[in-house]
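The values are calculated or read from the model by the stated rules, or taken from the named source; none is laboratory data. Quick caveat, the model's predicted, so the values are computed rather than measured. In this analysis, Cβ positions are derived from the backbone assuming ideal geometry, glycine residues included, and neighbour counts consider all displayed protein chains. These area figures cover heavy atoms from the full protein model, side chains too; ligands, DNA and RNA do not enter into them. Shrake-Rupley method; radii C 1.70, N 1.55, O 1.52, S 1.80 Å.
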Amino acid sequence: MKFIKHIVSVAVCSLYLASFAFSQDLHFSQFMNSPLSTNPANTGFIPGGDYRIGMNYRNQWSAIMTVPYQTMSVFGDMQVMQHENGWLGAGALILHDVAGSGNLTSTKIYGSIAYHQTLNLASLLSLGFNIGYANKQINVANLKFPDQFDGHFFDSHYPTTGIPPNNNISYLDLQAGMNYAFFPNENTYMNVGFSTHHINRPRESFFNEQAGIDNRIPVRHIAFINGSFKLNDQWIVNPNSYFSLQAKSYEWLIGGNAHYNLSGDGEKVLIAGIYYRSSDAVIPMIGIGLKDYTFSFTYDATISTLKNYNNTRGAFEFSLTKQGLFQKFNGNKRDVICPSFRSGY
């Protein structure tokens, strides 16, 4: 009975994970700390600096899978060709994901560009796009197929017809987006954005193309809103919300974090917050800012029916970013459009 219960549990979890994996691209709970994967119009949009580099790591479903899903990213962007009323942003993003016992590996490399134009009424409009090269591969030697089940165990020595004809595929991928930012004073900042991913709908399948079967990636739409409000010299609060729609599946996050000024000059900042992913997880957040570096950690505590199998242990994720100025000590103060504890640069 224990063996049957184990098989049922694995089957239920596998169906859930397969459904989720099909319906959603690679994603991070800390979407606000993965700007280039969220929206290409974020490229070069760095309210407190000229350049930015960062990395993200996510480990998901380790409680129920022998080999958990692991997602990593590295990105960098900068402001170039600056003039009085706007600037150009240029950047790059690498995404890498390894999933399951078949080592389903996805690697994507994007080049991104955006233009940012200041408008009247203390606002800014940004338009951006990126183009990327994507590669996916799978190790079928580690997989077991239904026709290899002998009634008691899966025997890899049994011949199978389940092996796909291809185990390595590549394609080009296109994204575009726009942002609007409003900053009426030094203590208030709001930003909304919308982006469309997989505009060219590339075909993604390890199987040969067949009539009547659409293996192209569904277009994905992402919308977000961020805010930042300086309450006093000790506190800045940052509410955030994110919505993603792909095919018939969606993901919605809402929550916020607060920054507490530990050192008085903004050089040391304590970060804490909490987020909610609709019908899926509660996500506490903690972090610290040290000068130009910010480190943050989140944990996805599952609240859906999957909690019966993973004991609420969904995923953990961390982000490390650095932003700075090319000419920090040029005798001039930096105009910062986002609330900050620092009086100037």
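Residue-wise test of (1) in contact with a strand residue (DSSP E or B) (Cβ under 7 Å, 6 or more places away or on another chain); (2) more than 26 Å from TYR189 (Cα to Cα); (3) of a type outside the set (A, V, I, L, M); (4) in contact (Cβ under 8 Å) with a residue 24 or more places away in the chain.
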{"residue": "SER228", "(1), (2), (3), (4)": "yes, no, yes, yes"}
{"residue": "LEU253", "(1), (2), (3), (4)": "yes, no, no, yes"}
{"residue": "ASN257", "(1), (2), (3), (4)": "yes, no, yes, yes"}
{"residue": "ILE286", "(1), (2), (3), (4)": "yes, no, no, no"}
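Identify the residue in the stretch 93-114 that is touching a residue at least 24 places away in the same chain (Cβ under 8 Å) and open to solvent by 40 Å² or more (accessible area, probe 1.4 Å) and, among all such residues, is nearest to ASN56 (Cα to Cα).
HIS96
Name the pairs whose Cβ atoms lie under 6 Å apart, with the first residue in the stretch 176-189 and farther than 18 Å from THR43 by Cα, the second assigned to a strand (DSSP E or B) and open to solvent by 70 Å² or more (accessible area, probe 1.4 Å), and 6 or more positions between them or separate chains?
Final answer for the pair search is none.
Condition first: in a loop (DSSP other than H, G, I, E, B), surrounded by 15 or more Cβ atoms within 10 Å (Cβ to Cβ) and among the polar types (S, T, N, Q). Can you find one or more residues in the stretch 202-212 that meet it?
yes
Quick check on my filter: what residues within the stretch 150-179 are at pLDDT 90 or above and charged (D, E, K, R)?
Listed by number, the list holds a single entry, ASP173.
Quick check on my filter: what residues within the stretch 166-192 are more than 21 Å from the chain's Cα centre (by Cα), open to solvent by less than 60 Å² (accessible area, probe 1.4 Å) and aromatic (Phe, Trp, Tyr)?
PHE183, TYR189
Give me the residue from the stretch 295-336 that is open to solvent by 70 Å² or more (accessible area, probe 1.4 Å) and of a type in the set (Lys, Arg) and, out of that set, modelled with the lowest pLDDT.
LYS333
Being among the hydroxyl-bearing types (Ser, Thr, Tyr), open to solvent by 10 Å² or more (accessible area, probe 1.4 Å), modelled with pLDDT of 95 or more and under 25 Å from ILE283 (Cα atoms) narrows it down to one residue among SER228, SER241, SER195; which is it?
Sole residue among the options that is among the hydroxyl-bearing types (Ser, Thr, Tyr), open to solvent by 10 Å² or more (accessible area, probe 1.4 Å), modelled with pLDDT of 95 or more and under 25 Å from ILE283 (Cα atoms): SER241.
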